[in-house]
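Undergrad: Pasting a structure here, questions to come.
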């Protein structure tokens, strides 16, 4: 088979390598350079190594709790049962996970995990180590690599995916294939503050929607609690809190316990909202205090964070540092089965672009790299197998034909762009479709989004097409958030205000 993989993070490169090793002809198409994207930036590790008191079943239980009851138990079971094999594969491909002086893998613990079961590489440089190893593995093969290529659309023949259309240097070209695997990542740049690299504009999800694929759970956007509050967005790993760092308000009080009995180790959505509320109440950023950890420990365990914080003028071994939440991970995306198949025959989705059902309403820390490796391998193994009909999918999923009333088409021929800019969209989403949502704010966001056409006539540049994709996904995300009236996981709805009763 001729297989096109779009994206070159852990999910895409794992799928590409497995497909190649199974005898398929593979082309990897990536928006930037090979290995660019969120994987290389990941400071957290890979969950799934179990000590004597731990087990795959306990990992599954923690994942289900973090997912707030909306994770698919079958998908979670696949994730944890395949974890050991995928970690062993990464080691075999050259990832040097951190080890003790005795040679044993060092296991870390992060929020909402009952046990230390997470492997790291280079302390806080796990993603970079994985990306470098997988890129090197691809370079050793004759897998075709096309860099600097923007995904314009998935090509269909009688409703079956048969390739992709790309934009390279403002010129479009078509690449045919027997199967397409989307591994394009998420859409962090829907928001004014994000940990995601510049290319995370939801291109794969938007292309899948235009191809008629079902998507679901776009309302579940995870905000990482601790981004350095000064300078360009820089993530301070949750593992820092796992090692004992605490969050303090302006008076030096550990305020997160007001929201959850686990304090700083509560699920990410709880911690992020607690930080947002406290910062708003005191009019300044909250502080992350890691001073109880020795300077040598911080430098060896978190070398990247140590280097960046010091470069920005903070000695975090002696003073707490200011932190704030930022959009980090999209739990929703293209609906898939347990082998990465979407509802469009021939079209697979793996990694953050996919909605496998693993994460439910909230992702458990260090499950994302694992998910990419597990489902990337499974998608490759499913190549050439029969496409199940009909495809099972969530009742909350929707296709392009099911677009909410008033949603604009991607090619855009009406509406006004007088007030549109990417920055305006990102600010709108941050304010009204962010950490704290309300009926009033969501309706206000949708009203504004629907006044903006989805793309200018004759859009040709990558930036214009990214804007179109972001606007399409912003509308779908706000619509999904408005439709889910209850608060669950990362989706938090402020209570409706009671009407004011007039007295006579």
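Each value in this text was obtained by applying a stated rule to the coordinates, not by laboratory testing. Remember, it's a predicted structure, so these values are computed and weren't measured experimentally. Because the Cβ atoms are built from the backbone with ideal geometry, glycine has one as well, and the counts that use them run over all protein chains shown.
Undergrad: Using only the Cα atoms of region 223-326, build the gyration tensor, take square roots of its eigenvalues as a ≥ b ≥ c, and label the shape rounded, prolate or oblate: rounded if a/c is under 1.5, else prolate if a/b is larger than b/c, else oblate.
TA: The shape class here is prolate.
Undergrad: Mean separation of Cα pairs under 8 Å and 6+ residues apart, divided by the residue count of region 65-196: what relative contact order is that in percent?
TA: Taking the mean separation of contacting Cα pairs over the length of region 65-196, I get 11 percent.
Undergrad: With the contact rule set at Cα under 8 Å and sequence spacing of 6 or more, what percent relative contact order holds for the chain?
TA: 21
Undergrad: Hey, another quick one. Sort 359, 189 by Cβ crowding within 10 Å, fewest neighbours at the top.
TA: The fewest-first ordering by Cβ neighbours comes to 189, 359.
Undergrad: Further, regarding this structure: Give me 439, 174, 217, 339 sorted ascending by neighbouring Cβ count inside 10 Å, so fewest comes first.
TA: Lowest to highest Cβ neighbour count: 174, 439, 339, 217.
Undergrad: Another one. Ranking 55, 318 by Cβ neighbours within 10 Å, fewest first, what do you get?
TA: 318, 55
Undergrad: So, in nm, how far is label residue 176 from label residue 22 when the simple model puts each one 7 Å beyond its Cα toward the Cβ?
TA: 2.2
Undergrad: Then there is this: Going by the alpha-carbon gyration tensor, a ≥ b ≥ c the square roots of its eigenvalues, is the chain rounded (a/c under 1.5) or, if a/c is not under 1.5, prolate (a/b greater than b/c) versus oblate?
TA: Oblate, because a/c is 1.5 or more while a/b does not exceed b/c.
Undergrad: Over the chain, what is the percentage of antiparallel beta bridges among all DSSP beta bridges, to the nearest 5?
TA: 65
Undergrad: Hey, another quick one. I'd like to compare 15-24, 273-282, 121-130: which one has the highest average count of other Cβ atoms within 10 Å, and what's the full order after that?
TA: Most protected by this proxy first, the peptides run 121-130, 15-24, 273-282.
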